[in-house]
Amino acid sequence: MRRLLVLLAAWLCLAGAVAAPAPSQPVSASSFEATFEGLAIGRGRLRSRAIGLDRGFLVWTTGRQSKDAFVLDQFFRFDDGMTDRRTWRFRKSGPGTYVGERQDLAAPAKVRVEADGVRLSYDIWLRRRGKPPLKLHCEDRITRLASGALLSRGTIYRLGVPLGSVETHLIPDTRRPTTSGRQP
């Protein structure tokens, strides 16, 4: 059961979350939306040393501006065949800051655009069949690599103790613009 808890927590925290980083390029406040706009495809891993978890996944993201928010759709296909979809809605709250919302958040996410990337801090509710939900905390950092790819690294905490991590390497698809928000 603990293994399932960490597994579910890890994929819930993915924000858009590989091993050897390349030099990064800054993500400026004026280009936050441009950083995530359009289609990106990536590969990631969920890990927890505590329970021996190491699970891979593919992810497709589509970012687009709507009337009142920037929307980032995420579609996940795990190596075991399971799939999931998450949708972020980001609203600018000040210079270099945003507020993010998603279906499973306990409260709006705090997003900061810094010189070296984007940082997200948020709490999620992990729903469990027949048991009360668990509140988990996630800290994500997203940087653009010299290659143009995005590297997302996230850590999942319960009561201040790290439970696991999520790492994702996303490659923006520059061949064709995507505004439909459709994934496979």
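A compact table of results
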| read-out | value |
| --- | --- |
| Residues that are over 17 Å from VAL113 (Cβ atoms) and of a type in the set (D, E, K, R), drawn from region 133-170 | LYS135, ARG158, GLU167 |
| Of residues in region 47-62 being of a type in the set (A, V, I, L, M, F, W, C) and within 12 Å of the chain's Cα centre (by Cα), the one farthest from THR155 (Cα to Cα) | TRP60 |
| Residue under evaluation ARG89, criteria (1) modelled with pLDDT of 95 or more; (2) touching a Ser or Thr at 6+ places or on another chain (Cβ under 7 Å); (3) among the charged types (D, E, K, R), criterion not met | (2) |
| Counted residues, region 38-64 - those being closer than 30 Å to PRO95 by Cα and crowded, with 20+ Cβ neighbours inside 10 Å | 8 |
| Tally, over region 67-96, of residues that are within 18 Å of PRO108 (Cα to Cα) and either β-branched (Val, Ile, Thr) or in contact with a Lys or Arg (Cβ under 9 Å, 6 or more places away or on another chain) (or both) | 13 |
| Residue check for ASP84: touching a Phe, Trp or Tyr at 6+ places or on another chain (Cβ under 6 Å) and closer than 23 Å to ASP173 by Cα | yes |
| Of the criteria (1) outside any strand (DSSP E or B); (2) loosely packed, with under 15 Cβ neighbours inside 10 Å, which one THR35 fails | (2) |
| Qualifying positions in region 118-152 - in a loop (DSSP other than H, G, I, E, B) and surrounded by fewer than 13 Cβ atoms within 10 Å (Cβ to Cβ) | ARG129, GLY130, ALA146, SER147, GLY148 |
| Complete set of residues in region 98-110 that are part of a strand (DSSP E or B) and either modelled with pLDDT under 95 or closer than 20 Å to PHE76 by Cα (or both) | GLY100, GLU101, LEU105 |
| THR155 under 23 Å from GLY42 (Cα atoms), in contact with a Leu (Cβ under 7 Å, 6 or more places away or on another chain) and β-branched (Val, Ile, Thr) | no |
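The values are calculated or read from the model by the stated rules, or taken from the named source; none is laboratory data. Not measured: the values here are computed from a predicted model. Counting neighbours? That spans all protein chains shown, and the Cβs are built from the backbone with ideal geometry, glycine included.
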